[in-house]
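Worksheet: the structure to be examined is printed underneath.
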Amino acid sequence: MLDSSLKSQLRGIFADLQANYTLDVTAPAQHESREELLVLLGDVAATSSGKISCSVKEGDTLEFSLLKNGNPTGVTFRGVPNGHEFTSLLMAILNSDGKGKNIPDESICNRVKALKGDIRLTTYVSLTCTSCPDVVQALNLMAILSANIRHEMVDGALHQEEANALKIQAVPSVFADGELLHTGRADFGELLGKLEARYGVSAAKGDAAAKKYDVIVVGAGPAGSAAAIYSARKGLKVAVLAERIGGQVKETVGIENLISVPHTTGEQLAADLKAHVQAYAVDLLEYRKVEKVELDGREKVVSVAGGEKFTAPALIVATGASWRRLSVAGEQEYIGRGVAFCPHCDGPFYKGKRVAVVGGGNSGVEAAIDLAGICAKVTVFEFLDELKADKVLQEKAKGLPNVEIFTAMQTLEIVGNGEKVTGVRVKNRQTEEERVVELDGVFVQIGLSANSATLKGLVATNRAGEVEVDAHCRTNQHGIYAAGDVTSVPYKQIIISMGEGAKAALSAFEDRLRGIS
């Protein structure tokens, strides 16, 4: 099943394995995917110089667990880990051996180990979903780190009756001891936070003593990464606190307007940003969610979830923005049951069905074009009197026979039957006429909202919640700077955020030299 090139890569990846691993397979003799699974796992084992082996027995379900030196790691796959989930299998092995590049630092590992109780997690995935592997790999890693956690990946396509019984309409869907914990894209830190909220922790987390730096950068997207690099190049002691490296960039599939780089992807750019930051003496602290920012004289004290504190005379805020929600009746209730935000992840669930896209900007029209290849009908609702998307996208969408576009339409309510979405109630802003459009799903694509909540009352923000900055990225609070999509600077573009991040760092350094930060 694996080609010779991939096998050669795996031999290199597995060359330094220290422990012995067993892929403990249970497979019904007549299961349609039995041979596919056995061939795949056999090929993987054959590249490991005897460090990985397969054990096969008959059973009622198709699954396999990962054992390390004969002992359970807590990781199980119910399905064939092809597609994007093949990486999840490789990472489970490498993380169990202590060699995975996504293993968090000691403070985060201790938070995982402090979770209370016997925790059983199940994640339902689609093998075509680009967001699912991040969730699967994060929860697999938690299971490897803590003996109290078990996690299994379930291929929803192979277990359709099970997925239907749970009313799953979006992936990834994570269940904790049988109850829905999370739906959709998430990183390690977000999932850990939800588990802490649900199960509690058995010991105090974090270090009571604040860690001291010259500059603290909050956020590791284009703006935060640029700020960190420019600050480090000045010889300053820099910490970057980030929920995830890359920020909102990671949700961008294709990037073609980053000057001098004709084409890249969000995932690749995020990886490149991380590598560039790590080329300097920067403490890159991922999975940190800032809960509070306080002033202590000239020092800025940043507290993060888990109890850690960091202090510095200069704080650069580059927290970016998040997808906005409609904030209408039914939206929250039906998230994961007909309300979705990622057409690439959840589009396959609506094959042959009717969906709406709310939003006529680039992201909305691009979503409509993508969904048109899957869905029977796609209806676009734009609040303004005309679409905001680039003309080339508009023309492409209007040329598709199963795409219908309405402008001057206000979305009033997501309508459902208690189990799933059945329609959307909209109003024509010109005629005031209201109607319910029957459909099976709604994809919300209405832009971004600044992530500035933790700065509320500390620095000035505008009506949209964006941090107000001057031409030098200074806020109205001495020693606090802001850059990128979280600010009032117009045009939310990667290249602009990078420049603003560099500017914020240079301003902070200039103020340091002048003794005014």
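The values are calculated or read from the model by the stated rules, or taken from the named source; none is laboratory data. The structure presented is a predicted model; accordingly, all values stated were derived computationally and were not measured. Reconstructed Cβ throughout: ideal geometry from the backbone, glycine too, with neighbour counts over all protein chains shown. Surface areas here come from the heavy atoms of the whole protein model, side chains and all, with no ligands, DNA or RNA. Shrake-Rupley method; radii C 1.70, N 1.55, O 1.52, S 1.80 Å.
Before moving on, here are some points about what is shown:
- Residue-normalised accessible area of the stretch 360-462, given per residue in Å² at a 1.4 Å probe: 50 Å²
- Accessible surface comparison of 413, 331, 243, 32, probe 1.4 Å, protein chains only, largest first: the order is 32, 243, 413, 331.
- The charge dipole of the chain, taken about its Cα centre with unit charges on the Cβ of Lys, Arg, Asp and Glu (plus for the first two, minus for the last two), comes to roughly 1240 debye.
- Mean accessible surface per residue for the stretch 1-60, computed with a 1.4 Å probe while every protein chain stays in place, in Å²: 54 Å²
- Computed on protein heavy atoms with a 1.4 Å probe, the accessible areas place 414, 446 in the order 446, 414, largest first.
- Here the relative contact order of the chain, from alpha carbon pairs under 8 Å that lie six or more residues apart, stands at 12 percent.
- At full extension, residue 258 and residue 453 could sit 67.3 nm farther apart than now, given 0.36 nm per residue minus the alpha carbon distance.
- Solvent-accessible area, 1.4 Å probe, carbon plus sulfur percent, for the stretch 478-517: 60 percent
- Note on the stretch 366-453: Cα Rg divided by 2.2 N^0.38 Å, N the number of residues, gives 1.16.
- Solvent-accessible area of the stretch 323-448 (1.4 angstrom probe, protein heavy atoms only): carbon and sulfur portion equals 46 percent.
- Couplings 3J(HN,Hα) of the stretch 106-116, computed from phi: 4, 4, 6, 4, 5, 5, 4, 5, 7, 4, 7 Hz, in residue order, whole Hz [Karplus 6.51 cos²θ - 1.76 cosθ + 1.60, θ = phi - 60°; x for Gly and Pro].
- Net charge contributed by nearby residues that have their C-beta within less than 13 Å of residue 372 (K/R +1, D/E -1): +3
- Accessible surface of residue 454 - all protein chains present, 1.4 Å probe, nearest 10 Å²: 50 Å²
- Cα-based convex hull, the stretch 1-78, per residue volume (Å³, whole number): 85 Å³
- Net charge dipole, the stretch 151-308: roughly 780 debye, given to the nearest 20, about the Cα centre with Cβ charges of +1 for Lys and Arg and -1 for Asp and Glu.
- Its Cα gyration tensor gives the stretch 167-263 an equivalent ellipsoid; the semi-axes, largest first and in whole Å, are 32, 26, 5.
- Across 274/388; 353/427; 7/99, pairs whose alpha-carbon gap is larger than 29 Å: 274/388
- Of the residues 280, 230, the one with the largest accessible area comes first in the ranking 230, 280, computed with a 1.4 Å probe on protein heavy atoms.
- Of all DSSP beta bridges confined to the stretch 188-292, the antiparallel ones make up roughly 20%.
- If only the Cβ of Lys and Arg carry +1 and only the Cβ of Asp and Glu carry -1, the dipole of the stretch 184-248 around its Cα centre is close to 140 debye.
- The residue among 361, 502, 392 whose Cα reaches farthest toward the positive pole of the charge dipole of the chain, with charges on the beta-carbon of Lys, Arg, Asp and Glu, is 502.
- Local net charge near residue 359, Cβ-Cβ under 12 Å (Lys/Arg +1, Asp/Glu -1): +1
- Alpha-carbon geometry of the stretch 258-310: the Rg and the Dmax are 15.9, 47 Å, given in that order.
- Size descriptor, Kirkwood hydrodynamic radius, that averages inverse alpha-carbon separations across the stretch 127-180, Å: 12.0 Å
- Within the straight-line cut-off of under 17 Å between alpha carbons, the lysines reachable from residue 309 are 205, 211, 212, 237, 289, 292, 300, sequence neighbours fewer than 8 places apart in one chain being disregarded.
- For the stretch 1-97, share of DSSP beta bridges that run antiparallel, in % to the nearest 5: 60 percent
- Here the stretch 311-436 carries DSSP beta bridges of which approximately 50% are antiparallel, counting only pairs with both residues inside.
- Of the trypsin sites (Lys or Arg not before Pro) found in the stretch 111-219, the ones in coil according to DSSP and having at most 16 other Cβ atoms within 10 Å of their Cβ are 116, 167.
- Rotationally averaged projected area of the stretch 309-403 (alpha carbon convex hull; nm²): 9.4 nm²
- Computed [θ] at 222 nm, deg cm²/dmol, the chain (DSSP H ≥ 4; -39,500 (n - 2.57); rounded to nearest 500): -8500 deg cm²/dmol
- 10 Å-binned pair-distance histogram of the chain (Cα, whole percent): 4, 17, 25, 26, 19, 8, 1, 0
- Counted by Cβ distance under 10 Å from residue 168, the other residues give a net charge of +1, where Lys and Arg count +1 and Asp and Glu count -1.
- The stretch 436-517: chymotrypsin sites (Phe, Trp or Tyr not before Pro) in DSSP loop, at most 10 other beta carbons within 10 Å: 491
- Over the C-alpha atoms of the stretch 108-216, the Rg to Rh ratio, Rh being the Kirkwood estimate, stands at 1.05.
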